[in-house]
Every structure is written in structure tokens, then in C-alpha cells.
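Notes to accompany the following structure.
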Amino acid sequence: QVQLVESGGGLVEAGGSLRLSCAASGRTTSNYPMGWFRQAPGKEREFAAAISWNGGMTYCIDSVKGRFTISRDIAKNTVYLQMNSLKPEDTAVYYCAALENYGSKVPRPDFGSWGRGTQVTVSS
């Protein structure tokens with residue numbers, strides 16, 4: 001059974017950095033575009049960033065553009081989210097998912113339900 005496990009979250013001061021990891025087990029993610037999502041307290045889960053299957057293309061939402069970078073290591077079956085210049089409004093639980101296609105922002109249903117995510121808390 002495929003499992004995506006997010007890690008790397010924590011408590012950081014505004015302006016700080018964190019690097020999140022999403023490791024897959026039970027199935028390779030190398031053939032699929034991948035995305036990071038986040039859910040802030042009291043809000044719906046939102047898409048944050050995506051990367052194509054080979055890592056050649058990436059995009060992210062305007063609120064994190066220039067601060068967040070998504071990347072992947074195909075050999076390690078892992079996707080990363082480098083987050084710099086963090087702001088209190090970035091506080092959320094961050095999740096990763098395999099996407100139906102690059103640009104869809106829709107998780108593939110055959111990769112199962114959402115993982116536990118990793119908590120990112122940015123203090124002001």
C-alpha cells in the first residue's frame with residue numbers, strides 16, 4: 001500500500017526557513033507530478049506548489065512565490081519544499097500528494113487518503 005510521509009516541520013520565527021520532505025513507500029512517485037498542500041487552522045486545505053514528473057517544471061501560488069521552492073529526488077522517491085522568509089500566515093499543516101496531472105492541483109485517488117502531514121508554525 002502506498003504511503004506518503006511528510007516531515008521537516010517545526011516552530012520557527014518569522015523570516016526563518018524550513019525544508020519539508022515527502023517520502024513515498026510502497027510505490028514509486030517518479031512517474032507522477034507531485035504537489036504540496038497546506039491547511040491553516042480553521043481554513044480549508046489549499047494547494048501550494050507543484051512539480052512535474054521529471055522535475056523540469058514547477059509552479060506555486062502567488063503568496064509563496066519567491067519564498068518557497070519545490071524539488072524532487074527521483075532516485076530517493078522524495079519531494080521537498082524549501083521554505084524561506086517564512087511568515088506567520090504560512091502556519092499550517094503541510095501535506096504532499098501525487099497529482100492527476102501537472103497543473104490540475106487534484107490529488108490522484110489511487111494514492112490513497114491524505115497522510116498525517118507535518119506542522120509548520122511561524123511565530124511573529
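The values are calculated or read from the model by the stated rules, or taken from the named source; none is laboratory data. A quick note: this is a predicted structure, and the numbers were derived from the prediction, not measured. Reconstructed Cβ throughout: ideal geometry from the backbone, glycine too, with neighbour counts over all protein chains shown. Just so you know, the surface numbers come from the protein's heavy atoms only, side chains and all, with ligands and any DNA or RNA stripped out. Shrake-Rupley method; radii C 1.70, N 1.55, O 1.52, S 1.80 Å.
All of Met83, Met57 fail the test of being more than 14 Å from the chain's Cα centre (by Cα) and among the aliphatic types (A, V, I, L, M), apart from Met57.
Just one residue in the set Glu100, Glu6 is farther than 23 Å from Ser124 by Cβ, open to solvent by less than 60 Å² (accessible area, probe 1.4 Å) and acidic (Asp, Glu); that residue is Glu6. From the list Lys76, Lys87, Lys43, Lys65, the lone residue that is farther than 23 Å from Gly16 by Cβ, among the basic types (Lys, Arg) and out of contact with any helix residue (DSSP H, G or I) (no Cβ under 7 Å at 6 or more places or on another chain) is Lys76.
Of everything in the stretch 24-38 that's buried (at least 16 other Cβ atoms within 10 Å of the Cβ) and not hydroxyl-bearing (Ser, Thr, Tyr), which residue is farthest from Ser124 (Cα to Cα)? Per the stated criteria, the residue is Arg27.
Take the residues in the stretch 66-85 that are among the hydroxyl-bearing types (Ser, Thr, Tyr) and under 16 Å from Val120 (Cα atoms); name whichever of them is least open to solvent (accessible area, probe 1.4 Å). Once the filter is applied, the top-ranked residue is Tyr80.
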